[in-house]
1. Would you kindly identify the strands (runs of 3 or more DSSP E) lying entirely within segment 257-356 that contain at least 3 residues that are more than 22 Å from residue 174 (Cβ to Cβ)?
2. Would you confirm, using the coordinates I've provided, whether residue 154 is part of a loop (DSSP other than H, G, I, E, B) and either in contact (Cβ under 8 Å) with a residue 40 or more places away in the chain or more than 17 Å from the chain's Cα centre (by Cα) (or both)?
3. Can you find, within segment 243-290, the residue that is surrounded by the fewest Cβ atoms within 10 Å (Cβ to Cβ) among those that are in contact (Cβ under 8 Å) with a residue 40 or more places away in the chain and among the polar types (S, T, N, Q)?
4. Do we have residue 323 as over 15 Å from residue 150 (Cβ atoms), surrounded by 18 or more Cβ atoms within 10 Å (Cβ to Cβ), among the polar types (S, T, N, Q) and assigned by TED's automatic domain parsing to the domain that holds residue 350 here?
5. When only residues in segment 107-127 that are assigned to a loop (DSSP other than H, G, I, E, B) and touching a residue at least 40 places away in the same chain (Cβ under 8 Å) count, which is farthest from residue 83 (Cα to Cα)?
6. Quick one: is residue 212 of a type in the set (Gly, Ala, Ser) and surrounded by fewer than 17 Cβ atoms within 10 Å (Cβ to Cβ)?
7. For segment 192-236, what are the residues that are part of a loop (DSSP other than H, G, I, E, B) and under 21 Å from residue 339 (Cβ atoms)?
8. For a quick check of your reading of the model, give me the residue pairs whose first member lies in segment 317-333 and is closer than 18 Å to residue 3 by Cα, whose second is polar (S, T, N, Q) and surrounded by 16 or more Cβ atoms within 10 Å (Cβ to Cβ), with beta-carbon atoms closer than 7 Å and at least 6 apart or on different chains.
Amino acid sequence: MLTNDLRKDYILDRWVVIASQRRMRPTDYAERQSEERKPAICPFCPGNENLTPPASLIYVMAENGRIEKTRDENGARRKDWIIRCIPNLYPAFSPPAMENQEDDASVQFFHGYVRMKAYGCHEVLVESPNHDEHPSVARLQQLIHVINALKDRATYLMRKKYIRYVSVFRNHGASAGASLSHAHLQIIATPIIPKTVRDEADASGKFYAETGKCVFCEIISRESASERLIWDNGVFTVFTPWAPANPFEFWIFPKRHQSTILDLTDDEVKSLAETIRISLGGLKRLLNDPPYNLGFHMIPEEHYHWHIEVYPKLSVWAGFEKSTGIFINTVSPEEAAESLREPFRIEEKNVKSIRY
């Protein structure tokens with residue numbers, strides 16, 4: 001008889017129940033997925049640029065084959081783009097009307113309550129003119145453009161005095177929160193550091209002060225020799241974490257210590273593009289293109305180690321999870337890693353057989 005397991009996160013004060021007695025086969029999760037239809041008019045598709053705000057960053061292919069970086073100006077919209085970054089029509093955070101209003105973003109106490117103005121930025125990075133060029137099937141060169149555009153926007157936003165954190169994330173599939181199916185990422189810059197990342201930074205900072213080492217580098221070293229390792233290309237490693245809150249959750253880490261994606265070299269950008277393509281392609285192959293959320297964790301602090309966490313949306317957090325903060329995961333990370341290895345290997349062969 002299988003025995004359930006209660007596991008604690010590597011560094012966070014978070015517990016997860018690995019409920020093997022409630023587990024399902026990967027094919028059972030795949031059978032749940034339903035087809036999503038392309039909207040009649042997609043505001044992110046070429047020709048519909050007037051349906052969105054003017055772009056803050058555009059990548060255009062110049063005649064010499066190099067990337068030209070520009071933006072929409074004077075009410076015009078560029079239509080020959082290969083990457084387009086635009087303000088979100090319904091932003092959660094917005095910049096101050098004037099730069100000298102930045103000081104107004106301080107914490108305020110209001111009749112015993114705490115509040116501050118939601119200064120920041122909320123953008124959408126449209127990853128390709130091709131509606132269906134999601135990273136699980138994308139050309140490597142297009143993914144390289146996506147990563148470089150993320151670096152450009154993160155560089156710009158991190159310089160703002162009223163911004164303390166830049167969140168990059170993807171919602172794939174309607175049940176994972178995606179309102180449009182065109183391939184896109186979101187960037188939200190906030191005046192605070194969110195709790196999960198702040199807790200990671202605090203724990204890694206404490207470990208660094210005590211040992212002079214990066215706790216994430218230690219985790220990478222251990223997991224590279226564990227049964228939770230899925231794939232490794234020598235530059236990036238992919239594994240299922242010890243205590244995942246979600247079935248088939250996996251993390252992507254650069255093996256070289258670096259705190260944000262701004263530290264990536266050109267060669268590492270290419271390697272990350274390959275890693276994302278193989279990882280999300282493998283997930284799609286195993287689970288029939290499941291809905292998922294993906295998030296970059298990065299803070300420009302010496303002791304922090306940036307990474308990507310991928311959360312397939314295969315279960316519902318109900319009363320127990322929401323009232324206790326303890327998560328129930330029906331698939332052990334060891335079983336998930338074993339199931340994902342072969343789809344990853346197949347995707348790796350497919351990627352290396354294509355000349356981009």
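1. Output list reads 327-329.
2. So residue 154 does not fit the description; no.
3. 288
4. No; evaluated as a whole, the condition is false for this residue.
5. It comes out as 116.
6. Yes; evaluated as a whole, the condition is true for this residue.
7. 224, 225, 226, 227, 228, 233
8. Pairs that qualify, where the first residue is closer than 18 Å to residue 3 by Cα and the partner is polar (S, T, N, Q) and surrounded by 16 or more Cβ atoms within 10 Å (Cβ to Cβ), are 329/246; 330/315; 332/20; 333/240.
The values are calculated or read from the model by the stated rules, or taken from the named source; none is laboratory data. A quick note: this is a predicted structure, and the numbers were derived from the prediction, not measured. Because the Cβ atoms are built from the backbone with ideal geometry, glycine has one as well, and the counts that use them run over all protein chains shown.
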